[in-house]
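A short reminder: the numbers here are calculations on the coordinates, not readings from a lab. Here the structure is a predicted model, which means the values were calculated and not measured. When we count neighbours, we look across all protein chains shown, and the Cβ atoms used for this are built from the backbone with ideal geometry, even at glycine.
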Amino acid sequence: MPATQADAIAALRASQRSDVPAFIVMDVMQAAAEQEALGHKVIHMEVGQPGTPAPRSALAAAAKALESQTLGYTLALGMPALRERIARYYAERYGAAVEPERVLVTTGSSAGFVLAFLALFDTGAKVALPSPGYPCYRHILTALGQSATLIETGDASRWMPTGADIDAAVRKDGVRGLVVASPANPTGTMLEPARLGELAAACRRNGIWLVSDEIYHGLAYGMREETALAHSDDAIVVNSFSKYFSMTGWRVGWLVVPSALVRPIERLAQNLYISPPAVAQVAALGAFDGLDELEANKRVYAENRALLLGELPKAGLERIVPADGAFYLYVDVGDFTPDSHAFTKEMLVEIGVAATPGVDFDAGRGSRYVRFCYAGTTAGIAEAARRIRGWRRLAARA
Ligand SMILES: Cc1ncc(COP(=O)(O)O)c(C=O)c1O
């Protein structure tokens, strides 16, 4: 028992496990909102989200449900009709047979990661993550008492890990799994089918889990996306309605897992979340009737991507990681600054363009990179490109 009342109060502090770094992109969003409150027009290229709403069919389904359904808790693993529809999507899109029982609906893919990491890895486990990469994988692992072994990627490996990298991470750190995203965030690079097969084989020979984040599937501009399920029955696939389906705020995603993991994850989901949001699940089911609209969104992204790939080099930003998908360009700004965080702050204040510093994705090399998201309107992206080209900060060096 603490000796004094002051000691007792001092003992009330946040846990060590909660001491995870901020998700910097959310801080940039906050700074952008402050600029807007001052009356400045900001072009948002920081947050990875479509500027479009959910497809009309999703909105109609949600509106009807609000009028006619109770919208109470659903089953912990999601509405059976949605699980079945997602399973059918695998047949339609990839020609892959997936039993609906293996599809688990989650509160965004973010909750999917929490459930998967809890079900797959014990406290203290190490998990291999490519760097640069999505920061929340690392931070979720930390909060769960697990940790990341970073695999540095670069031009030589098209910014993706190799089978040899996995062997080395197992030898060196005894990692228990690999998390890989293709298309990737922040780079937009993709695994060719053969490389995905190589990673699946490396995970199998080492007896470690393969977690495949397929949240940017549907958003590839030339290369074919392949699901990890084509290479491994043991893979855990994570996906979401946030990106291709244009439904970030609805908070609904899914996992496809081996049968043996269904019940452990169901128990975790019951206790942690009870169920994913009911109205969002109804909307997600409706979204499958709006695929034409989503393809039209994708054509806008393709146009925005081409526009930026043409315009950024004219501003002196020539070194762009070869992005095959998602809606990001990861740009080397090292000729202009050793500090991408300061660079993005100046860019926001001076020309009203919000973008995310690479340090969010790669604590070391990220200080010379900036990620631009091009999921907004083409007019907005064109205006951003015009502002960037006219920015004195770049003109001085270009
Ligand atoms: C690679 C990647 N995975 C997962 C997520 C989480 O998305 P959500 O929880 O909205 O499904 C994001 C969000 O930006 C992401 O970029």
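Listed values, structure above:
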item: FRET efficiency, Gln30 to Asp173 (Cβ-Cβ, R0 51 Å, nearest 0.05); result: 0.90
item: Farthest toward positive dipole pole in the stretch 250-326 [+1 Lys/Arg, -1 Asp/Glu at C-beta], among Ala278, Ala326, Leu268; result: Leu268
item: Spatial separation of Cα centroids for the stretch 334-365 and the stretch 167-223, in angstrom; result: 28
item: Prolate/oblate/rounded label for the stretch 1-82 (Cα gyration tensor, a/c 1.5); result: oblate
item: Whether the stretch 178-294 is rounded, prolate or oblate, judged on the alpha carbon gyration tensor where a/c under 1.5 counts as rounded; result: oblate
item: Rounded, prolate or oblate (a/c below 1.5 giving rounded, otherwise prolate when a/b exceeds b/c) for the stretch 118-210 by Cα gyration tensor; result: oblate
item: ³J(HN,Hα) computed for each position of the stretch 352-367 - Karplus, 6.51 cos²θ - 1.76 cosθ + 1.60, integer Hz, glycine/proline x; result: x, 10, 9, 9, 9, x, x, 4, 5, 9, 7, 4, x, 5, x, 5
item: Rough spin-label spacing in nm, given labels placed 7 Å along Cα→Cβ, for Arg204 and Glu350; result: 5.3
item: P(r) tail fraction, the chain - alpha-carbon pairs more than 28 Å apart, %; result: 49
item: Value of [θ]222 nm, deg cm²/dmol, for the chain, DSSP H segments ≥ 4, -39500 (n - 2.57) each, nearest 500; result: -13000 deg cm²/dmol
item: Antiparallel bridges, percent of DSSP beta bridges restricted to the chain (to nearest 5); result: 50
item: Dipole axis of the stretch 153-252 (+1 Lys, Arg; -1 Asp, Glu on Cβ), positive-most option in Ser157, Leu219, Gly249; result: Gly249
item: In order through the stretch 25-36: 3J(HN,Hα) via Karplus (6.51 cos²θ - 1.76 cosθ + 1.60), integer Hz, x for Gly, Pro; result: 4, 6, 5, 5, 4, 5, 4, 5, 5, 5, 4, 5
item: Whole-Hz ³J(HN,Hα) from phi, Karplus 6.51 cos²θ - 1.76 cosθ + 1.60, for the stretch 84-101, glycine and proline x; result: 5, 5, 5, 4, 5, 4, 5, 5, 5, 8, 10, x, 9, 8, 10, 6, x, 5
item: Built amide H within the under 5 Å cut-off of Ser131, gap 5+; result: Ile151, Glu152, Thr153
item: Amide N of the stretch 193-218 lying under 19 Å from the label point, which is placed 7 angstrom from the Cα of Asp122 along Cα→Cβ; result: 206-210
